[in-house]
Amino acid sequence: MPPVNRTVPIRAASSDSTCSLMEFMKKFPDDATCLEWLWRQRCSPDGEHAFCPKCKQERTFRRYDSPQLKASWTCISCGHHLHPLVGTIFEKSSTSLHLWFYAMYLMSSTRCGISAKQLERELGVTYKTAWRMAFLIRNQLMFQDDRPLAGAVEADETYIGGRRRGTPRGRPGPTSHKVAVFGMVQRRGRVLAVTVPNVKKVTLLPHVKKHVIPASTIYTDELRSYNSLKREGYGHERVNHSEMVYVSGDAHTNTMEGFWSLTKRGIGGVYHSVSAKHLQGYLNEYAWRYNERDGGAMFETLLLRAAKAS
């Protein structure tokens, strides 16, 4: 009787991910593999030849097993060293490169975010180290690009944060912990979210003019800060939320409000509270994850960004 094949597939065909945990561990089992990947990605596609800035031409490089040269390759002609970690978030870090890659995998595979305390438990590092890793990944790799929005664009403002005990609900006052944020989303496309000092016209319109192509149609609520959009060359339609109107034909801001809902529930459920100082970083994280939702290759995208020099 032939033996029964009990091999379990690493990932189901129905999975929308391109890298499961088992696939990650198979591809990056240790520090040496992670370093070799960075070397090939940044310096030497074939793993052996690279351009030597001292020889001014392509040379053969070797990696020697010594404590001083453990993260570098040496030109066999002149002895010049190339360091694939220089210029990346891994430079001058004593944390295992394998743990860095695993942290990026965790932050890209979650849908609602992962706290530094959870990273501490998953990686086995101190809380200070986990916080620094998450901070660098969030602020240097999960950045929002400057590609313009066009077509049907929704714009909306909201407030994130708690209110001081004893103060009334509603829009924040001068003693509130709430921070104003402004966002725009292209329907069936990308989102952009930024912190703003207030929601006045002089604050919001420069963001619109910078990121939205003229002649696009912008959908907003009844806030008076948007009154001059037509004079700026944009189509403008609005819904009056104060009169309990949320959809009027094509006019609505439900897409943008859906993103705000995901962000607020993610921050409240995972991080509990976020200071105004670091709020933009968390907005970058949620906006980046939203914009990459259809690609499925979030981890690979983070890796490629990490391989680029800062």
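The values are calculated or read from the model by the stated rules, or taken from the named source; none is laboratory data. Everything numeric here is computed off the predicted structure, so don't read it as measured data. Cβ coordinates were reconstructed from backbone atoms using ideal geometry, including for glycine residues, and neighbour counts include every protein chain displayed.
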- Among GLU222, GLU243, GLU237, which is the only one that is at pLDDT below 90 and either acidic (Asp, Glu) or farther than 30 Å from MET142 by Cβ (or both)? GLU243
- Condition met for GLY79 (without any contact (Cβ under 8 Å) to a residue 12 or more places away in the chain, within 31 Å of the chain's Cα centre (by Cα) and at positive phi): no
- Task: Using the structure shown, decide if ARG231 is loosely packed, with under 14 Cβ neighbours inside 10 Å, at pLDDT below 95 and not in a loop (DSSP other than H, G, I, E, B).
- Result: yes
- Query: For the range 43-61, does any single residue satisfy the condition of being free of Cβ contacts under 8 Å to residues at least 12 places away in the same chain, in contact with a Phe, Trp or Tyr (Cβ under 6 Å, 6 or more places away or on another chain) and not in a helix (DSSP H, G or I)?
  - Reply: yes
- Query: Within the group SER248, SER228, SER261, SER275, which residue is closer than 20 Å to ARG111 by Cβ, without any contact (Cβ under 8 Å) to a residue 60 or more places away in the chain and hydroxyl-bearing (Ser, Thr, Tyr)?
  - Reply: SER261
- Residue count for the range 71-115, restricted to those that are in a loop (DSSP other than H, G, I, E, B) and farther than 29 Å from LEU283 by Cβ: 12
- Message: Take the conditions at pLDDT 80 or above and surrounded by 11 or more Cβ atoms within 10 Å (Cβ to Cβ) and apply them to ARG62. Does it pass?
- Response: no
- Note on the structure: Note: among GLY161, GLY170, GLY183, just one is buried (at least 18 other Cβ atoms within 10 Å of the Cβ), at pLDDT below 90 and of a type outside the set (S, T, N, Q), namely GLY161
- Query: Taking the stated definitions as given, is GLN144 closer than 19 Å to LEU262 by Cβ and at pLDDT below 95?
  - Reply: yes
- Determine whether GLY249 is farther than 25 Å from VAL179 by Cβ and not hydrophobic (A, V, I, L, M, F, W, C). yes
- Message: Considering only residues that are within 19 Å of ARG132 (Cα to Cα) and crowded, with 19+ Cβ neighbours inside 10 Å, which ones fall in the range 65-105?
- Response: THR88, ILE89, PHE90, LEU97, LEU99, TRP100, PHE101, TYR102, ALA103, MET104, TYR105
